[in-house]
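The structure appears right after this line, and notes come after that.
The values are calculated or read from the model by the stated rules, or taken from the named source; none is laboratory data. As the structure is a computational prediction, the values presented were derived from the model and not from experiment. Don't worry about glycine lacking a Cβ; one is built from the backbone with ideal geometry, like all the others, and counts go over all protein chains shown.
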Amino acid sequence: MRNLILTLDSSGLPHDWTTWQDAVTLKCKGSIAWEFGDEEFVFRGGTNRMTGLPSEVSISSIIALKSKFSNRNRTPAFNNRNLFRRDLGVCAYCGVTHKEIDLTKDHIQPQSRGGVTNWMNCVTACKRCNNKKDDRTPEEANMLLKYVPYIPDRAEGLILRNRNILVDQMEFLKNFLPKHSRMLSMFN
């Protein structure tokens, strides 16, 4: 199984992804408060020596853990893959959607002029536009941004990190996306 299980905190807020192996361990330890989702996975083990029956554990695709979590760091890691996914592969200058291999990270305020590498100063750009912009600001290069950068929240970060999200998991996470998220356009 290559699908991950979506974990929530005890109040129902998205927390993280976990493997089915870890989810089974959590269930056997009694660490799951409740489960739901359209998908249910059944895992079979050996034969119970007391009953003679095969062991079986079922896990839903979304589980809430009894533990309380700190939601201090709700921002996903900044890297090219997450940046390209946040921007849906769309070049911030020409507005064309490109394959990931044709994308680059562009610093709106160039690094040579003190621009930092973070969510608010970087956008996705195709190689052609990034070369054209060169070491200038968008205004100096006469290349206006087609969209504004933003910092993704926790739900967006979970979507960015998992390539095999199940339908019920995506429907659940969609409810936590901020109104300004470009990811909402994937559902229209």
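Considering the range 163-188, the residues that are in contact (Cβ under 8 Å) with a residue 40 or more places away in the chain and surrounded by fewer than 16 Cβ atoms within 10 Å (Cβ to Cβ) include one that is farthest from residue 92 (Cα to Cα), namely 167. Look at residue 155 and say whether it is touching a strand residue (DSSP E or B) at 6+ places or on another chain (Cβ under 6 Å), part of a loop (DSSP other than H, G, I, E, B) and within 16 Å of residue 185 (Cβ to Cβ). No, not satisfied. Scanning the range 111-144 for residues that are touching a helix residue (DSSP H, G or I) at 6+ places or on another chain (Cβ under 7 Å) and acidic (Asp, Glu) yields a single hit, 135.
Scan the range 1-56 for residues that are touching a helix residue (DSSP H, G or I) at 6+ places or on another chain (Cβ under 8 Å), aromatic (Phe, Trp, Tyr) and over 27 Å from residue 77 (Cα atoms) and jot them down. Within the range 1-56, 41, 43 meet the criteria. Looking only at residues in the range 139-167 that are of a type outside the set (A, V, I, L, M, F, W, C) and over 15 Å from the mean Cα position of the chain (by Cα), which one is farthest from residue 121 (Cα to Cα)? Among those residues, the one meeting the criterion is 142. Scan the range 138-149 for residues that are farther than 12 Å from residue 93 by Cβ and surrounded by 14 or more Cβ atoms within 10 Å (Cβ to Cβ) and the total you get is 1. Of the strands (runs of 3 or more DSSP E) lying entirely inside the range 7-122, those carrying at least 2 residues that are without any contact (Cβ under 8 Å) to a residue 60 or more places away in the chain and more than 30 Å from residue 149 (Cα to Cα) are 32-47, 54-65.
Taking the range 36-88, which residues are of a type outside the set (Gly, Ala, Ser), modelled with pLDDT of 90 or more, within 15 Å of residue 11 (Cβ to Cβ) and surrounded by 14 or more Cβ atoms within 10 Å (Cβ to Cβ)? Correct list: 36, 62, 63, 65.
For the range 156-176, residues that are hydrophobic (A, V, I, L, M, F, W, C) and farther than 22 Å from residue 100 by Cβ total 4.
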